[in-house]
Structure formats: structure tokens, C-alpha cells
Amino acid sequence: MNFTADSKVLVQGIAEALGSLHVPIMRAYGTSIVAGVSAGYGGTTIEDIPVFDLVEQVLDITDHIDTTVIFAPPYEVLDAALEAMAAGIRQLILITEGVPPLDMVRLLREAEATETLVVGSSSPGVIVPDQILLGTHPPYCYTPGPVGLISRSGTLTYEVALELTRAGLGQSIAVGIGGDRIHGSSFQQWLQILEEDDRTEAIVLIGEIGGDSEEQAALYIAETIDKPVVAYIAGTTAPKEQTSSHAGAIIASQIAGLGAEIGTATSKLAAFKQAKVPVADRPSKIPKLVEQALAKSRTE
Amino acid sequence: MDLLEYQAKELFRQMGIPVLPSQRIDHPTDLKGLRIPFPVVLKSQVYTGARGKLGGIRFVENTIDAIAAAQAIFHLPIMGKYPKVLLAEAKYNPEREFYLAVTLDPSSRRPLLLGSQFGGIDVESSLKHMRQVVVDQEFSPFYARRLALKMGLQGNLMRSVSALVEKMYHLFAERDLDLVEINPLAVSSSGELMALDGKITVNDAALGRQPDLAALLATIPAQAGLPVSNLNWVAREGNIGVLCNGAGLTMATLDLLHKAKGKPASFVDLGADYRQCASTSDLQDRLKQGLDLLIQEKGVKVICINLVGGVVSCLQIAETIASWLKWQPANRQLPTLVVRLVGDQFPAGRGLLAAMDIPVYESMDDAIAETVGLTSATAAKPGKPPSLLLASA
């Protein structure tokens with residue numbers, strides 16, 4: 001992981017509605033956006049940022065790019081990501097919602113082969129408070145500090161960051177791993193990154209019902225994470241969905257060895273309990289649990 | 001979203017996956033023009049796996065029986081749903097029944113092939129026989145052979161089953177599907193394969209580049225009634241309407257209401273701010289559409305609006321709410337609004353709405369407490385009966 005104020009950043013899809021909304025905010029935060037790419041806009045500038053038709057053309061004005069933030073429309077994200085990896089960029093942030101899963105499969109095969117870190121898709125991206133903004137996190141929710149935030153949500157991440165900030169607990173980094181079914185990087189990968197990150201003293205994990213990401217994360221925390229972790233899960237009172245009897249999905253989850261109730265609030269709460277991870281019953285309780293966890297780990 | 005069986009089988013047929021001769025039946029009298037020889041199986045076209053156990057599948061020997069059975073099936077609700085269409089299919093006597101599927105595995109982030117020699121309605125109870133193969137690189141037929149061998153097949157059957165899995169994979173990949181499932185796959189004594197039932201789940205995000213599938217889904221009448229906006233909208237029984245941006249925040253808000261003993265009736269999720277169409281004016285339009293949807297719910301007494309972050313300022317949101325209110329008919333009985341906002345220009349937004357007697361909160365917990373307080377107060381009072389409310393409107 002390399003996200004600092006010195007990082008050189010590219011924005012792909014800079015001329016898209018989504019890109020043009022967020023680029024000024026990222027720039028005002030101090031993010032060093034060296035160039036943008038949008039087909040057909042080569043030779044122009046947007047927000048004083050030079051725009052190119054191809055990623056490889058950007059390498060004429062800079063020796064390297066640390067991270068690219070991709071705002072391209074859903075069906076163009078795969079191409080944008082392959083182009084970025086081909087140009088040697090090794091950190092990709094995919095903001096766009098609605099990338100087809102099979103495009104993500106191809107994208108991630110290439111990412112694994114090139115050892116590229118992918119965040120998203122359908123993600124608010126990454127913020128390192130007072131250093132760099134790579135995505136849609138609203139800056140006023142964040143302040144620097146010792147808490148690492150990893151989440152499947154967007155606006156709920158902002159909510160939790162704001163609760164921490166109001167309680168005087170700043171953040172070392174906040175990452176939205178994405179709301180889609182296929183994640184570029186998982187909770188486990190980010191838990192490991194934050195475990196090794198010197199500025200992070202405690203980790204807050206924000207999950208949701210559905211899928212098995214939280215159960216997998218809980219197993220991973222129990223096995224390998226020494227830093228204190230606090231969790232919150234949205235949707236715990238949601239009525240159980242009518243079983244659509246997707247034999248395929250049920251079978252896949254059973255084979256993963258996590259039981260038939262996988263994805264429900266009960267299953268996730270039980271997994272965190274087993275891993276001895278305290279779970280806040282509401283966002284406003286998170287700061288208190290974090291303070292307790294920090295106090296405990298500092299005395300140990 | 002799922003395709004109905006007859007639609008799935010049409011895609012199987014196009015891909016060269018063997019299916020029985022069949023005919024779509026829109027009305028019982030269609031059976032007079034049946035082109036398949038008796039005996040025939042009539043199958044209710046609904047989205048559920050348990051229709052056989054519930055009486056949605058009947059075997060018939062002649063036209064008179066067939067019409068009577070069809071009438072019965074058209075009037076038989078399965079998990080609360082009536083079929084719009086039946087499928088008439090030739091009867092088939094399998095010697096054995098297998099299970100095959102291609103789906104996506106979020107853990108390995110790869111397509112997954114699944115297969116078992118023990119398919120049929122009890123497939124979920126014989127999971128120990130299920131075999132799986134992760135397609136970790138570009139698909140090639142050896143992945144399908146690997147599955148067939150893991151299933152314990154040999155010789156010609158190994159080759160024919162793996163050839164079928166290969167076709168299923170191509171269907172899965174070419175059509176951007178979430179699931180292709182054949183259960184049961186009939187195996188005759190001579191080793192002939194036949195897909196007796198099939199399930200296809202399309203991927204909603206990919207529909208924009210799969211016009212044929214989008215057209216197929218549009219023909220399903222049960223799904224035509226959904227609101228055609230890009231809002232996620234769900235209605236339940238209760239007296240609180242909820243309007244949020246983002247799925248996680250919506251769920252968290254509903255959780256807090258439930259925990260405070262509130263009764264959320266319906267909710268609207270305006271979507272996160274990384275939607276492709278997201279723009280300032282677009283979010284304002286969706287906010288108005290969301291409020292329009294919520295006030296259609298008769299039981300809603302209070303609408304709790306909880307909007308966090310995004311590029312739209314609190315003042316812009318307040319202005320949108322104010323202008324929406326201005327355009328409501330004067331005699332319309334509107335629910336009370338409770339607003340919670342996080343964003344730029346909070347004081348200005350709060351001031352604007354406060355002037356209209358709408359409270360704006362900084363904290364989510366406070367807004368929840370106010371919402372639940374208002375609804376439980378209404379419930380405690382004897383209040384006007386609903387019929388009077390309607391008469392005065």
C-alpha cells in the first residue's frame with residue numbers, strides 16, 4: 001500500500017459526470033492529480049489537469065503513476081483497468097457502480113498476475129486524512145488519527161467516520177472495498193495491510209448482511225490479526241429474505257464450510273463473537289468500543 | 001433476476017443443450033392445438049424450486065385431462081404467486097438424475113463449476129456428493145472434464161457430461177449470467193442426456209449490453225409493475241417512511257428505527273454517490289421522486305429523511321424539500337417530515353427548513369428518537385379513523 005500526499009495520481013474517465021464532480025474535491029484536498037484520461041478529450045485540460053486519450057501517453061509527462069482512480073462508465077471499466085495495468089500502474093481504485101461481475105473476473109485475473117492492488121468496484125475509494133483523497137469520501141467527515149476504517153458501504157462509512165471524528169478519534173485511512181459481489185480486494189487483504197500499517201492502532205470493520213465477507217473476515221481476524229478490531233453490521237433487523245432456493249448459491253456457501261445460515265445477521269454476529277470482536281449495535285456506539293479497545297491494547 | 005423455465009430452456013436450445021420438445025401455454029384452450037404427443041407434463045411457470053411438491057407439475061394422458069389440469073395449475077398459487085404461463089413438455093423417464101451448475105464464487109472471485117451424480121429435488125440434502133471446480137484462468141474444456149471426473153464419471157458419460165458443462169459455461173459467459181443450473185439432468189439407460197429443468201439468473205448490471213435478455217425479462221408480466229425509476233423502493237406494513245442515500249445507511253437507519261420500537265413501512269434508497277448518472281440535479285430529482293413514492297403509502301405518518309455526504313450541500317437538499325412541499329396540493333394530508341443531514345452548508349439548510357417547521361438534526365440518533373416519538377404519540381392518541389381522513393381529503 002502506498003497512499004501518501006506525494007503519490008502521483010491519474011484519473012481515468014475524468015470527463016465523465018462522476019469524474020468531473022469529484023476531481024475538484026480531490027484536488028482541493030491536495031491530491032496530486034498529474035493527468036486525466038478520457039477518449040476524445042486528448043490535448044484539452046480539465047480543472048487545469050492535462051487530459052490524454054491513452055494512458056501510455058501520460059508517461060511522456062511523468063516517469064510513473066502510483067495510483068489511478070477510475071470513473072469510467074460500467075462497461076468501460078475493464079478496458080480502463082487493463083490499460084492502466086499494461087502501463088505499469090499497480091494501484092487501481094474503481095469507483096463506478098454496476099461493473100458486470102464477469103468483467104471483474106477478467107480484471108482480477110490480470111491484477112493477480114501483475115500483483116496490482118484493486119479497490120472496488122462500486123466503492124467510495126480511499127482517503128488518508130490530511131494526505132490524499134482517492135474517490136468520493138466527503139473530507140469534512142474525516143480527521144487524522146489512529147483508527148483504520150474498512151467497509152462495504154459508502155455513505156455508512158462517512159457516517160461512522162463522522163462519529164469517530166466527533167468523538168475525537170481520527171482515522172489513519174478509510175477504504176470502501178465496494179458494494180458489488182466481487183471485490184477487487186477483500187476485508188482480509190485490508191485487515192492484513194492495516195495490521196502492518198504503523199499509523200493504524202485499531203481497526204473498525206463496517207459490514208452488511210448478505211454474502212460471506214464478514215464471516216471470512218472474522219475467521220481471519222481470529223487467526224492472524226493482533227490489533228484490536230471493532231465491527232458494525234448494517235441490516236441486523238431486516239426481515240429474512242424469502243429463500244429464492246438458488247441451489248447453486250446455497251451449495252457454494254456450504255462448500256465454503258460456513259454453514260447454511262451464511263449471510264444472515266445471526267451468522268455474522270456469531271462469527272464475530274467467536275473471533276472475540278466487539279460489535280456495536282449502532283454507529284454512535286463505535287467510538288466508545290474503539291476507545292475501550294485502544295485502552296486495553298495500550299496497557300497490554 | 002431469474003428467467004422462467006421456458007425462457008431458460010429456449011436459451012439452452014439455442015446453445016445446443018438438449019431439452020425436450022415443449023410448447024408454451026398461455027391459456028388452457030391452447031392445449032387443443034398441442035403439437036407434442038401425449039403423455040405430456042404440464043409445469044407451472046413460477047420462480048420457485050418447490051413447485052413439484054406443491055402440485056405445480058401434472059402428468060396428463062389426453063386433451064380433456066390436460067385442459068382440466070391446466071385450469072387447476074393456473075389457479076394454484078405457489079408461494080403466493082400465480083403462473084401467467086404453463087409449459088407443456090414431453091414426458092421423459094430418466095434412469096438417473098444429475099445436477100450441474102455454473103455460478104460465480106465471490107471468495108475465489110472466479111466462475112465455479114458444480115456437479116453431482118445425485119440431482120433432483122433432494123439435491124440440497126445430498127450436498128456431500130457435490131463436486132466443484134474453480135475456473136481460475138481463461139476457460140478451456142479441461143475444466144469441464146475435471147468436473148466430470150471429480151463427479152466419478154468415466155468413458156462416454158464423462159465425455160458427454162463435460163461437453164454439456166462446456167456449453168453451459170459458454171452460455172454463462174456470453175450472456176453475463178449469475179447462474180446456469182440444470183437440475184435434474186436426466187441420464188437415460190443408453191447414456192443420453194436431457195435437461196429436464198433449468199434455471200438461469202441474469203446479472204442486472206449486465207442487462208444494458210444483453211438486449212435479448214432485457215427483452216425477455218420485459219415480457220414477464222409479474223415484473224412489469226415495478227417502478228421504472230432507478231430508486232430502490234420497498235413497501236412493508238408500518239407508519240414510518242424512510243428515505244436515505246446508500247444501501248448500508250438505509251439498513252442502519254431501519255435497524256435503529258426497529259430497535260427504538262418504530263415501525264418502518266416503506267423505504268427509498270436514493271443510491272450511493274458513485275452511480276454513473278450521479279449529478280447534483282439528478283440527486284435532487286431522485287429525492288423528489290422518492291418523496292412522491294413514500295406519500296403514496298397510506299399508513300405513513302412520518303417520513304424520516306437521512307442523507308449523508310455526497311456532493312449536494314445541505315442547503316441544496318433543504319431547497320429541494322422545500323420546493324417539493326410547495327408543489328403539493330394544499331388540501332393534501334402530508335406525513336410529518338423529520339430530516340437529518342450531513343454535509344456542507346448545514347446551518348443554512350437547517351435554517352431554511354426550520355422556517356417551515358421542519359426539524360433538521362445533526363445526529364442520526366436524535367432524528368430516530370424524534371421520528372419514533374412522533375409515531376408512537378399518534379398511535380397513543382385515539383385519533384381520527386382512517387375513513388374520516390379519506391372523507392376530509
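The values are calculated or read from the model by the stated rules, or taken from the named source; none is laboratory data. Remember, predicted model here, so these are calculated numbers, not experimental data. Because the Cβ atoms are built from the backbone with ideal geometry, glycine has one as well, and the counts that use them run over all protein chains shown.
The residues in segment A:86-105 that are part of a helix (DSSP H, G or I) and farther than 22 Å from A:Arg181 by Cβ can be counted, and the count is 1. Quick check on A:Gly154: is it without any contact (Cβ under 8 Å) to a residue 60 or more places away in the chain, within 14 Å of chain B (Cβ to nearest Cβ), touching a Pro at 6+ places or on another chain (Cβ under 7 Å) and farther than 17 Å from A:Val230 by Cβ? So A:Gly154 fits the description; yes.
Working carefully through the options B:Leu341, B:Leu294, find the one that is crowded, with 18+ Cβ neighbours inside 10 Å, in contact with a Phe, Trp or Tyr (Cβ under 9 Å, 6 or more places away or on another chain) and part of a strand (DSSP E or B). Just one listed residue meets the conditions, B:Leu341. Is one or more of the residues making up segment B:125-138 more than 10 Å from chain A (Cβ to nearest Cβ), assigned to a loop (DSSP other than H, G, I, E, B), in contact with a helix residue (DSSP H, G or I) (Cβ under 9 Å, 6 or more places away or on another chain) and under 25 Å from B:Glu192 (Cα atoms)? No, segment B:125-138 contains no residue that is more than 10 Å from chain A (Cβ to nearest Cβ), assigned to a loop (DSSP other than H, G, I, E, B), in contact with a helix residue (DSSP H, G or I) (Cβ under 9 Å, 6 or more places away or on another chain) and under 25 Å from B:Glu192 (Cα atoms).
Determine if segment B:308-320 includes at least one residue that is more than 22 Å from A:Ile25 (Cβ to Cβ) and either away from chain A (no Cβ under 14 Å) or modelled with pLDDT of 90 or more (or both). Scanning segment B:308-320 turns up no residue that is more than 22 Å from A:Ile25 (Cβ to Cβ) and either away from chain A (no Cβ under 14 Å) or modelled with pLDDT of 90 or more (or both). Consider B:Ala144 carefully, then state whether it is among the aliphatic types (A, V, I, L, M), assigned to a helix (DSSP H, G or I), touching an Asp or Glu at 6+ places or on another chain (Cβ under 6 Å) and at pLDDT 95 or above. So B:Ala144 passes the test. Here A:Gln131 qualifies as in contact (Cβ under 8 Å) with a residue 12 or more places away in the chain, away from every other protein chain (no Cβ under 14 Å), surrounded by fewer than 24 Cβ atoms within 10 Å (Cβ to Cβ) and more than 29 Å from B:Asp178 (Cβ to Cβ). In segment A:88-125, of all residues being more than 13 Å from chain B (Cβ to nearest Cβ) and among the hydrophobic types (A, V, I, L, M, F, W, C), the one that is surrounded by the fewest Cβ atoms within 10 Å (Cβ to Cβ) corresponds to A:Leu117. Can you work out which of the residues in segment B:178-206 that are within 10 Å of chain A (Cβ to nearest Cβ) and touching a residue at least 60 places away in the same chain (Cβ under 8 Å) is farthest from the chain's Cα centre (by Cα)? Going through the qualifying residues, I end up with B:Asn183.
Of the residues B:Ile78, B:Ile67, B:Ile121, which single one is more than 27 Å from the chain's Cα centre (by Cα) and of a type in the set (A, V, I, L, M)? Of the residues listed, the single one that is more than 27 Å from the chain's Cα centre (by Cα) and of a type in the set (A, V, I, L, M) is B:Ile67.
Among the residues of segment A:265-297, those that are more than 14 Å from chain B (Cβ to nearest Cβ), without any contact (Cβ under 8 Å) to a residue 60 or more places away in the chain and either under 14 Å from A:Ile203 (Cα atoms) or in contact with a helix residue (DSSP H, G or I) (Cβ under 7 Å, 6 or more places away or on another chain) (or both) comprise A:Ser267, A:Ala271, A:Phe272, A:Gln274, A:Ala275, A:Lys276, A:Pro278, A:Leu289, A:Gln292, A:Ala295. Residues that are of a type outside the set (Val, Ile, Thr) and under 26 Å from the mean Cα position of the chain (by Cα) were ranked within segment A:57-68; the one that is farthest from A:Ala28 (Cα to Cα) is A:His64. All of (1) away from chain A (no Cβ under 12 Å); (2) surrounded by fewer than 21 Cβ atoms within 10 Å (Cβ to Cβ); (3) out of contact with any helix residue (DSSP H, G or I) (no Cβ under 7 Å at 6 or more places or on another chain) hold for B:Asp122 with one exception: (1). Search segment B:50-61 for residues that are within 14 Å of another protein chain (Cβ to nearest Cβ) and pair each with any residue that is among the aliphatic types (A, V, I, L, M) and assigned to a strand (DSSP E or B) when their beta-carbon atoms are under 7 Å apart and the residues are at least 6 apart or on different chains. Here the result reads B:Arg51/B:Ile57; B:Arg51/B:Ile78; B:Leu54/B:Ile78; B:Gly56/B:Ile78, each pair linking segment B:50-61 to a residue that is among the aliphatic types (A, V, I, L, M) and assigned to a strand (DSSP E or B).
Hey, does segment A:60-74 have a residue that's within 11 Å of chain B (Cβ to nearest Cβ), at positive phi and buried (at least 16 other Cβ atoms within 10 Å of the Cβ)? Checked against the condition, which is being within 11 Å of chain B (Cβ to nearest Cβ), at positive phi and buried (at least 16 other Cβ atoms within 10 Å of the Cβ), segment A:60-74 yields no hits at all. Taking the conditions (1) buried (at least 20 other Cβ atoms within 10 Å of the Cβ); (2) away from chain B (no Cβ under 13 Å); (3) outside any loop (DSSP other than H, G, I, E, B) in turn, A:Glu223 satisfies each one other than (1).
Of all the residues that make up segment A:39-82, how many are in a loop (DSSP other than H, G, I, E, B) and over 21 Å from A:Val119 (Cβ atoms)? Count: 15. Out of all the residues in segment B:60-80, is one or more under 26 Å from B:Ser190 (Cβ atoms) and surrounded by fewer than 20 Cβ atoms within 10 Å (Cβ to Cβ)? Scanning segment B:60-80 turns up at least one residue that is under 26 Å from B:Ser190 (Cβ atoms) and surrounded by fewer than 20 Cβ atoms within 10 Å (Cβ to Cβ). All conditions but one from (1) part of a helix (DSSP H, G or I); (2) modelled with pLDDT of 90 or more; (3) closer than 28 Å to A:Ala161 by Cα; (4) within 14 Å of chain A (Cβ to nearest Cβ) apply to B:Ile305; the one that does not is (1). Residues of segment B:361-368 include at least one that is within 12 Å of chain A (Cβ to nearest Cβ), of a type in the set (Asp, Glu), over 30 Å from A:Gly120 (Cβ atoms) and under 33 Å from the mean Cα position of the chain (by Cα).
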